[in-house]
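The values are calculated or read from the model by the stated rules, or taken from the named source; none is laboratory data. Note that this is a predicted model, so its numbers are computed, not measured. Counting neighbours? That spans all protein chains shown, and the Cβs are built from the backbone with ideal geometry, glycine included.
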Amino acid sequence: MPEGDSIAKAAARIRPILMGNDVVSVYGTAPQIRSNADRLAGRRVKDVRTFGKHLVVDFDKGFSLRVHLGMPGRWTVIPAERPVPGSARVVLSTAAHHICCFAAPDVEVDRTPAIERRLERLGPDVLADGFEPGLFVERARTRNPASIAEVLLDQRVVAGIGNVYKSELLFLAGIHPGTRVSEVSDPELLEMAERASRLLAVNVRSGPRSTTGERARGREMWVYDRAGRPCRRCSSEIKMARLGDRVTYWCPSCQPEGRPVKP
């Protein structure tokens, strides 16, 4: 599932291919690409950057491409001599490669300042240099009576955390996902924000995503996607329920309902 670390990895993969090179052709099925291809084709790429779950490609002459992968989207690099599947939402072709994005629901082309204004509406990016956890606390306090699970997913509060990290961070904090944000202390919120920044940064640099510190298949997560299986700490059965519009996983013993208790 694409979250901030996945987007940063994708950017790291395509940045050396695009940076400083001319994009000789631009096409794809996304409406914004079809209507704006001539604004990007033949232009040089100035930067490939991320903000939370958004990947942005900046071109000279003042235009940018912003892509949010949603749940199904993915970026792929294809050698120039190979054909590109017709389902690609975005294709940026250089002399040597096709940089392709598939299944992304949110693709936008606009002038760079307009893209920046949209990104400024988001909360602080947990992967940004100089990330300030205190800003997360300030924004989280405005969301009462929302649950802490909903707050962690709100990109206007903090950018880059998705459903996987939401469940994992709450397990590591010992906080039940249904707990109202007003019942979580400032130190606990700060600790979650700091841990989120560390975990995502480690997983950008390392192999398969892991929150347990283990990379072996099936050992990477504490609770996410483990409903009905024993908790790795206490052997209680991991629970799953829909909170808001997303599924959440938790351990009922390590994350008791009521006032959060740290294990």
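This table checks each residue for (1) more than 23 Å from the chain's Cα centre (by Cα); (2) more than 24 Å from E120 (Cα to Cα).
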{"position": "R44", "(1), (2)": "yes, yes"}
{"position": "T50", "(1), (2)": "no, no"}
{"position": "H54", "(1), (2)": "no, no"}
{"position": "L65", "(1), (2)": "no, no"}
{"position": "G73", "(1), (2)": "no, no"}
{"position": "V77", "(1), (2)": "no, yes"}
{"position": "E81", "(1), (2)": "yes, yes"}
{"position": "G86", "(1), (2)": "yes, yes"}
{"position": "L92", "(1), (2)": "no, yes"}
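Surrounded by fewer than 24 Cβ atoms within 10 Å (Cβ to Cβ), in the same structural domain as R198 (by TED's automatic domain parsing) and either modelled with pLDDT of 95 or more or outside any helix (DSSP H, G or I) (or both): does that describe L152?
So L152 fails the test.
From the list E214, E220, which residue is in a loop (DSSP other than H, G, I, E, B) and either of a type outside the set (D, E, K, R) or closer than 17 Å to S6 by Cα (or both)? Walk me through it before giving the result.
Values: E214 fails: either of a type outside the set (D, E, K, R) or closer than 17 Å to S6 by Cα (or both).
Result of the check over E214, E220: E220.
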Q. Is there a residue in segment 190-197 that is in a helix (DSSP H, G or I) and surrounded by fewer than 14 Cβ atoms within 10 Å (Cβ to Cβ)?
A. no
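Specify which of the listed residues (E183, E214) is surrounded by fewer than 21 Cβ atoms within 10 Å (Cβ to Cβ) and touching a residue at least 12 places away in the same chain (Cβ under 8 Å). Give the steps one after another, and end with the answer.
Working: E214 fails: touching a residue at least 12 places away in the same chain (Cβ under 8 Å).
Only one candidate passes the filter, namely E183.
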Q | Selection from segment 150-195 of residues that are under 13 Å from R139 (Cα atoms) and of a type in the set (G, A, S) | A | A159, S182, A193
(Q) Looking at segment 165-181, can you tell me whether even one residue there is outside any helix (DSSP H, G or I), among the aromatic types (F, W, Y), within 21 Å of K53 (Cβ to Cβ) and modelled with pLDDT of 95 or more? (A) no
(Q) Restricting to segment 16-34, name every residue that is touching a residue at least 60 places away in the same chain (Cβ under 8 Å) and part of a loop (DSSP other than H, G, I, E, B). (A) N21, V23, V24, G28, T29, A30
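Could you please let me know if P105 is in contact with a His (Cβ under 8 Å, 6 or more places away or on another chain) and under 23 Å from F63 (Cα atoms)? It would help to see each step written out before you state the result.
Working: in contact with a His (Cβ under 8 Å, 6 or more places away or on another chain): yes; under 23 Å from F63 (Cα atoms): yes.
Spelling it out, P105 is indeed in contact with a His (Cβ under 8 Å, 6 or more places away or on another chain) and under 23 Å from F63 (Cα atoms).
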Q) Given T50, T76, which one is under 23 Å from F131 (Cα atoms), of a type in the set (V, I, T) and in the same structural domain as V24 (by TED's automatic domain parsing)? A) T50
